[in-house]
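All remarks here apply to the structure that follows.
The values are calculated or read from the model by the stated rules, or taken from the named source; none is laboratory data. None of these values were measured; they are calculated from a predicted model. Virtual Cβ from ideal backbone geometry, glycine too; neighbours counted across all protein chains shown. Ligands, DNA and RNA are excluded from the accessible area calculation, which covers all protein heavy atoms including side chains. Shrake-Rupley method; radii C 1.70, N 1.55, O 1.52, S 1.80 Å.
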Amino acid sequence: MPDTIQEEDTTIKVPDSQDLTRGAEVFYNPEMKFNRDISCLVLAEDFKSKIDKRDYYSVCDSMTASGVRAIRYFKELQKIEKEHKKQIFCIYLNDIKEEALGHAKENLKLNKLDNQTGKKIFLSNGKAESLFSVNKYDFVDIDPFGSSVYYLDSFFGNCMHNCLLATTYTDTAPLCGTYPKTCFIRYFAKPAHMDNMQEIGLRILIAKTNIIAAMHEKTYHPLVSFSRRHYFRFFGRVKKSSKGKIKEHLNNIGYMLYCNKCMERKFVDLDLFNNKDNKCSCGEVYDYAGPLWTGNLHDTGFCKKISSSAKDEKMKEFIEILMEENKINGICYSLHELAKASKKDILRTEKAIEIIKKEGFSASHCHYSGLFIKTDMLLNKKEYSKISK
């Protein structure tokens, strides 16, 4: 018998034996509830900003699986429509697996939404690439088992100006440096298996997204980006742009230089990467990661709006940390690894931030871990030893 699961105001049935693998016919992952929670906030904010200006708004859940995400999207947008007394949205549920689409239909019926099929809900059984090549949407969600990179070319080739793209990547091992060759082949970038490998992986993905967007004369502007447990997730605005604007935007792509000996690290532009003077302050030659995105990972204004809409306090705290990170033009460090490398005690995060600020630099918490800080101070073993006295 299928299991019945309640997620917020949505009820779904899933196979009683959950196979969380690429080959699973129907895929529901309870660990991804947080992903769906923040996705609903992002979609709702985008919809609210457009409902009074538009007569039509379309959402595409390109890999719908059990349909839980699309059903939650529908209910979220329906509430907003009732508040504005206006009906403009429709949702497309697609999955390449016929059996998955069958389960999605059952879950629509379970939530009394089957009567919306053909009106505000449209179902299709096919490849996401095919869907993107013939239709344009205001909000597109690409959430595969693995990498979203394979779908970006078809998406950017036909997407509308000012639409919003949400992507998920579960191939964390290559992006975090466990399989560097795979990362290079897939993303044409060198990862690094080190303390801030999640930040590096996220920045590699946003750089790659922008490179593919540029091929289609578009730019991708990150709104909310994060790494959590076994996946990367980020949302961004897509804009049709002139060659000059694209060139300027791509100046946010560079490399992270880092020292394997003392943990010093910094971002450099593409044109500074081959500088012969790229040596660490301790005298070692820097290693590197990238190309990667060196600009902001979030849009503070957008984050403020979704934070004010969030009802869950933990979600609010999470978004507040993202906004805190965004104020600083720096890199993340693990206090645990800095303490280990310098053979000093681990500073409490709050204490480390306080000391660094007293030194005249900026510092904040990081969403990657409670023992991470982001700072524009050039930290290394020597500097950590000074501040941890």
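Quick look at the values:
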read-out	value
Selection from region 33-47 of residues that are aromatic (F, W, Y) and closer than 20 Å to E83 by Cβ	F47
Matching option when the condition is open to solvent by 10 Å² or more (accessible area, probe 1.4 Å), touching a residue at least 40 places away in the same chain (Cβ under 8 Å), of a type outside the set (A, V, I, L, M, F, W, C) and under 21 Å from A166 (Cβ atoms), among K218, K190	K218
Residue match in region 66-79 (condition: more than 18 Å from A44 (Cβ to Cβ) and either outside any strand (DSSP E or B) or open to solvent by 10 Å² or more (accessible area, probe 1.4 Å) (or both))	yes
Qualifying positions in region 295-353 - small (G, A, S) and either touching an Asp or Glu at 6+ places or on another chain (Cβ under 6 Å) or more than 20 Å from F235 (Cα to Cα) (or both)	G330, S334, A339, A341, S342, A352
Counted residues, region 323-378 - those being in contact (Cβ under 8 Å) with a residue 40 or more places away in the chain, touching a helix residue (DSSP H, G or I) at 6+ places or on another chain (Cβ under 8 Å), small (G, A, S) and in a strand (DSSP E or B)	1
Residue identified as in a loop (DSSP other than H, G, I, E, B), modelled with pLDDT of 95 or more and farther than 23 Å from E106 by Cβ among D52, D46	D52
Test: residue in region 253-270 that is touching a strand residue (DSSP E or B) at 6+ places or on another chain (Cβ under 6 Å) and under 22 Å from T168 (Cβ atoms)	yes
All positions within region 95-110 that are open to solvent by 10 Å² or more (accessible area, probe 1.4 Å) and assigned to a helix (DSSP H, G or I)	E98, E99, L101, G102, H103, K105, E106, K109, L110
Residues within region 243-276 that are more than 30 Å from A339 (Cβ to Cβ) and free of Cβ contacts under 8 Å to residues at least 40 places away in the same chain, tallied	16
So Q87, is it surrounded by fewer than 18 Cβ atoms within 10 Å (Cβ to Cβ) and in contact with a helix residue (DSSP H, G or I) (Cβ under 7 Å, 6 or more places away or on another chain)	yes
Test result for S369, within 30 Å of E8 (Cβ to Cβ) and surrounded by fewer than 16 Cβ atoms within 10 Å (Cβ to Cβ)	no
Leading residue by the ranking (modelled with the lowest pLDDT) among those in region 123-167 that are aromatic (F, W, Y) and within 17 Å of F234 (Cα to Cα)	F145
Listing of strands (runs of 3 or more DSSP E) fully contained in region 226-320 that carry 1 or more residues being under 20 Å from A166 (Cβ atoms)	231-240, 287-293
Boolean, D312 is in contact with a Gly (Cβ under 6 Å, 6 or more places away or on another chain), surrounded by fewer than 18 Cβ atoms within 10 Å (Cβ to Cβ) and either touching a residue at least 40 places away in the same chain (Cβ under 8 Å) or closer than 30 Å to K79 by Cβ (or both)	no
